[in-house]
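The values are calculated or read from the model by the stated rules, or taken from the named source; none is laboratory data. This one's a predicted model, so the numbers in the text were calculated from it and none came from an experiment. Glycine gets a Cβ as well: all are built from the backbone with ideal geometry, and neighbour counts include every protein chain shown. Quick note on the areas: whole protein, heavy atoms, side chains included, nothing else; ligands and nucleic acids left out. Shrake-Rupley method; radii C 1.70, N 1.55, O 1.52, S 1.80 Å.
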Amino acid sequence: MDLSKKLHRYTIVPSLPQELSGLHTIAYNLWWTWEPQAIELFRRVDLELWRSTHHNPVKMLGSLQQSRLEELLADDGFMAHLHRVEEMLREYMEGKTWYMKARKAASPLSIAYFSMEFGLHESLPIYSGGLGILSGDHLKSASDLGIPLIGVGLLYRHGYFRQYLNIEGWQQEIYPENDFYNLPLRLERDSDGNPRTINLEIGDHTVKTRIWKVQVGRVPLFLLDTSLEENSWEDRKITSQLYGGNQEMRIKQEVLLGIGGLRALKMLGIEPEVCHMNEGHAAFLALERIRVLMKQENLNFNEARELAIAGTVFTTHTPVEAGIDHFDPELVVSHLEQYYQELALSREEFLSLGRQNPKNQHETFCMAVLALRLAGHYNGVSELHGQVSRKMWKNIWMDLPEEHLPLTHITNGVHTRTWLSEEMTGLLIRYFGTRWLDDPADYDVWKKIHLIPDAELWRTHERCRERLVTFARKRLKEHLRHVGSTTMEIVTADEILDPEILTIGFARRFATYKRGTLLLRDLDRLDRILNNPTRPVQIVFAGKAHPADFEGKELIRQIQQVSLEERFHHRIAFIEDYDLAVARRMVQGVDVWLNTPRRPLEASGTSGMKVAFNGGLNMSVLDGWWPEGYRGNNGWAIGKGEVYEDLEYQNEIESRAIYDLLEKEVVPLFYDRGTNGIPRGWLACMKASIETLCPVFNTERMVQEYTDRFYLPAFEQWKDFYDGEQALARDFALWKVKMQSLWHMVRVEGIEASTSGEIPVTSRIQVQARIGVGEIPLEELSVKAYFGILNAHDHIVDGKLATLHPVEQLGADLHRYSGEIECDVCGRQAFVIQVMPKHPQKGAVYEPGLILWV
């Protein structure tokens with residue numbers, strides 16, 4: 001018999017004495033996750049309970065015995081600590097911020113940041129890897145800077161999987177259920193205390209969704225949950241598991257995130273002017289913005305689209321198209337047919353929004369393409385990834401050269417205080433003061449690293465390495481108990497690793513392109529390096545493979561099997577169940593962080609940035625962020641950025657390069673000690689790494705960039721379009737229609753330029769073009785010369801634009817345009833004439849089909 005329908009449900013929440021109620025307040029604001037004083041406060045409550053609850057203060061407080069509460073009340077030191085942290089939180093929430101002081105917009109601004117996952121802390125397991133951790137750090141820095149930002153995501157009943165290895169080293173997955181009422185989040189309720197819900201049509205039925213709130217410092221994060229009794233079992237599973245299920249489940253999740261997320265904000269009285277799509281998962285939100293504008297403002301699709309584009313930002317994190325969500329057109333139609341009818345679009349018009357070639361009916365529906373078509377600002381997450389992304393998506397702007405595509409880059413960073421060890425934080429405060437805590441992007445502050453005595457910096461780092469070794473031993477013991485090892489085997493776990501020797505770390509998602517076993521290609525040579533009697537080395541591995549990625553699991557198995565060999569047993573360790581807690585220990589304790597992706601498949605990567613803040617050095621392939629970070633004296637580059645067609649050959653070349661670097665540079669530098677045991681050369685590299693990397697690769701700098709380059713300009717464009725009853729949006733949409741009808745009359749009848757012979761560098765070339773403008777006013781045309789060096793394939797490389805101005809009317813619609821090209825570099829060069837429409841207020845506008853190259 002099914003008893004679920006007969007149950008009387010109720011919720012029990014922690015009950016604390018009034019004097020301890022501040023613990024409750026602090027626990028429900030994730031500010032505590034990056035404030036060492038707050039973390040230490042929770043440790044003092046009950047250290048064992050803190051560990052056993054996976055550092056979850058809400059669950060811990062709900063498990064305290066009355067006797068322990070009385071002990072805390074009687075502990076004057078603890079109560080003083082509690083009052084101090086309460087005051088720190090109050091000052092943080094009420095204090096003046098960077099945005100308030102430096103970038104306050106004239107009108108109130110609201111930014112909604114949508115992401116499929118958020119990695120805020122291990123106690124809230126709704127993340128899987130780099131994308132989620134970047135999202136979490138984005139919210140934390142937005143809070144620190146006072147950016148008026150709101151997060152939107154999904155609340156997963158099972159989150160991402162927990163990992164353990166069986167006795168043979170094969171990854172096994174378990175999916176523990178998240179108890180939402182024992183997590184640091186609260187259900188959104190109306191004035192009568194009833195949970196707030198939204199109804200969302202997905203396909204041919206309605207899905208009911210609850211809204212939960214996580215407070216991240218000053219930033220609220222709203223999470224959607226379909227695990228309600230009113231929903232069918234299939235619909236409950238929409239928020240059951242992160243990246244679980246088939247394509248149909250994925251499209252349901254993305255409809256919920258994009259369309260449902262925006263509707264949830266509206267129910268809460270929040271109507272953001274700017275929406276930021278972190279990866280293409282949330283791209284449907286742009287369609288929802290259009291639908292709402294059409295309904296509220298009586299606009300047609302094209303008018304509403306221009307208004308929505310103005311206030312929409314898209315960040316892509318994926319350097320290969322296979323990693324982007326593509327849906328079969330029939331699947332899209334089956335879930336969104338009623339929706340696109342509300343947009344007054346036909347089936348093909350709707351599907352064309354997600355196709356690089358809108359007319360190709362056989363092309364799949366791509367979420368990144370949809371995001372690119374409906375956003376006004378777009379970026380990759382490193383300089384190299386920006387270049388790769390422009391190559392990937394050049395067909396969307398098929399008439400523009402790659403270097404002039406509007407897809408730019410903002411390099412990722414990490415949240416300084418989340419990843420910095422307590423020891424390093426204390427050391428920096430002693431020598432830097434506290435200003436760097438509020439402005440870690442200040443270059444001048446990090447130059448003070450040279451004021452710190454070498455011995456003091458070294459001892460600080462050594463303590464962090466010791467903590468990592470202790471942590472690794474403890475986790476290995478837990479693994480051995482789980483697989484049924486003998487008592488002797490468990491006891492000998494205390495002998496693995498050495499807290500005093502050179503420690504290399506490798507931890508990430510075990511996708512094959514990250515090449516987690518590259519270091520293991522020549523085990524005999526590795527043996528000689530690791531077991532050198534006077535200069536030993538050890539390696540700590542961690543990471544998860546996707547449950548369906550057999551090749552990734554095989555890499556983990558290989559590492560585990562090698563670690564069990566007698567010659568490597570004390571020198572190689574694999575830490576199970578990689579999460580934020582494991583990541584913190586590793587990035588804080590290693591001496592060298594190894595990164596071996598196949599270039600250019602790493603969009604950015606952020607783990608190496610975290611290592612730099614803690615005094616570790618990077619040894620990486622020149623991929624992702626490292627080409628921007630590497631200076632020659634602040635770490636090591638594996639190779640010079642070469643890409644080989646033969647993957648096996650590339651693996652062989654780069655594995656040898658790693659061994660060479662270790663044998664000839666890394667290991668000797670680490671063990672080159674003075675009489676006091678201090679490695680002066682190594683410390684010079686540490687200080688160079690901290691000075692050059694820390695002020696750049698932090699999310700404070702990153703979020704400031706997003707604010708200045710995207711959020712505030714998008715807000716201004718949104719206001720321009722929205723003010724005056726959307727007159728500019730209506731005008732712009734009509735103007736585009738006018739241009740489409742008149743463009744066929746635009747022509748170039750002749751070009752004149754003095755390009756014969758050899759032209760001295762620094763001189764200028766006068767260029768003239770005879771342009772037939774048809775019925776288009778002169779002020780609505782942009783005429784430019786696109787010029788630059790020619791490569792071997794007769795393509796202009798790194799071209800520049802020079803504006804040509806109308807100087808003479810030659811006929812009824814024929815005009816002479818004139819301008820100059822700079823000759824600032826030597827070599828074989830060329831130019832072409834580019835003609836584009838130019839809106840009186842928005843300037844030159846690219847629209848497919850409305851560009852002329854001659």
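Would you please state which residues of segment 758-791 a label at C823 would reach in this model, taking the label point 7 Å out along Cα→Cβ and a backbone N cut-off of under 13 Å? Residues 758-767 qualify, since their backbone N sits under 13 Å from the label point. Once the dipole of the chain is set up with Lys and Arg at +1 and Asp and Glu at -1 on Cβ about the Cα centre, which of N246, L336, L712 lies farthest towards its positive end? Value computed over the given set: L712. When the P(r) is computed for segment 650-735, the part past 22 Å accounts for 64% of the Cα-Cα pairs. Label-to-label distance, E87 versus D204, with points set 7 angstrom from Cα along the beta-carbon direction: 6.5 nm. Summary value for the chain: 10 percent relative contact order, contacts being C-alpha pairs under 8 angstrom separated by 6+ residues. Entry note: segment 182-273 has Rg to Rh equal to 0.96, where both radii use alpha-carbon atoms and Rh is the Kirkwood radius.
With the charge dipole of the chain set up from +1 on Lys and Arg Cβ and -1 on Asp and Glu Cβ about the Cα centre, the Cα lying farthest toward the positive end among the listed residues L601, I290, A507 is that of A507. Over all pairs of different C-alpha atoms, segment 210-353 has a mean inverse distance whose reciprocal, the Kirkwood radius, equals 16.5 Å. The modelled label-to-label distance for the pair I167/I653, using points 7 Å beyond Cα in the direction of Cβ, is 4.4 nm. List, in the order given, every pair from K447/K514; K140/K266; K295/K736; K474/K544; K359/K544 whose Cα-Cα distance in the structure shown is over 29 Å. The pairs that break the limit, which is 29 Å between Cα atoms, are K447/K514; K359/K544. You can think of it this way: the chain between A455 and E749 has 98.5 nm of extra reach, that is 0.36 nm per residue less the Cα-Cα gap. The listed peptides 632-645, 64-77, ordered by packing as a protection proxy, come out as 632-645, 64-77 (highest mean of other Cβ atoms within 10 Å first).
Surface analysis of segment 368-468 yields an accessible area of 36 Å² per residue, using protein heavy atoms and a 1.4 Å probe. For K719, a cut-off of 15 angstrom between C-alpha atoms picks up these aspartates and glutamates, skipping any fewer than 8 places away in its own chain: E271, E273, E297, E303, E306, D731. Kirkwood analysis of the chain, using all unique Cα-Cα pairs, places the hydrodynamic radius at 29.6 Å. Along the axis of the charge dipole computed for segment 716-854 (Cβ charges of +1 for Lys and Arg, -1 for Asp and Glu, origin at the Cα centre), the listed residues V761, Q829, P840 are led at the positive end by Q829.
Full extension of the chain between D798 and D524 gives 94.0 nm of extra length, using 0.36 nm per residue less the Cα-Cα distance. Given segment 739-854, report the % of alpha carbon pairs whose separation exceeds 23 Å. The proportion of pairs with Cα distances above 23 Å equals 31 percent.
This model, with +1 at the C-beta of Lys and Arg and -1 at the C-beta of Asp and Glu, gives the chain a dipole about its Cα centre of some 900 debye.
Computed about its Cα centre, the charge dipole of segment 418-549 is approximately 400 debye, with only Lys, Arg, Asp and Glu carrying charge at their Cβ. Relative to the current alpha-carbon distance between S741 and Y443, full extension at 0.36 nm per residue lengthens the span by 102.0 nm. Over all Cα atoms in segment 375-521, the spread is summed up by Rg and Dmax: 22.7, 69 Å. Bridging of K59 to lysines at a Cα separation below 22 Å is possible for K213, once same-chain residues fewer than 8 apart are set aside. The aspartates and glutamates whose alpha-carbon is closer than 15 Å to the alpha-carbon of K553, local same-chain residues fewer than 8 away aside, are E168, E173, E576, D577. Taking Cα centre as origin and charging only the Cβ of basic (Lys, Arg, +1) and acidic (Asp, Glu, -1) residues, the dipole magnitude of segment 90-164 rounds to 180 debye. For segment 226-269, the mean projected area of the C-alpha convex hull, equal to one quarter of the hull surface, is 3.3 nm².
If you split all Cα-Cα distances of segment 789-854 into 5 Å bins from zero, what percentages do you get per bin, shortest first? Taking every Cα pair in segment 789-854, the percentages come to 4, 12, 18, 21, 21, 13, 8, 3, 0. Per-atom-type breakdown for segment 353-402 gives carbon and sulfur 45% of the accessible area (1.4 Å probe, protein chains only).
How would you classify segment 724-770 from its alpha-carbon gyration tensor, with a ≥ b ≥ c the square roots of the eigenvalues: rounded for a/c under 1.5, else prolate if a/b is greater than b/c, otherwise oblate? It is oblate, given that a/c is not under 1.5 and a/b is not larger than b/c. As a rough guide to protection, the peptides 446-459, 121-134 ranked by mean Cβ packing within 10 Å, highest first, stand as 121-134, 446-459.
Please check which bits of segment 293-313 a label hung off L734 would reach, taking the label as a point 7 Å along Cα-to-C-beta and the cut-off as backbone N under 17 Å. Zone members listed by number: 298-307. Here's how it looks for W593: its modeled amide H is under 5 Å from those of G505, L617, N618, M619, which are all 5 or more places away or on a different chain. Across segment 503-604, the relative contact order, built from alpha-carbon pairs under 8 Å that are at least six residues apart, equals 41 percent. When only alpha carbons are used to place a centre, segment 747-799 and segment 247-278 end up 45 Å from one another.
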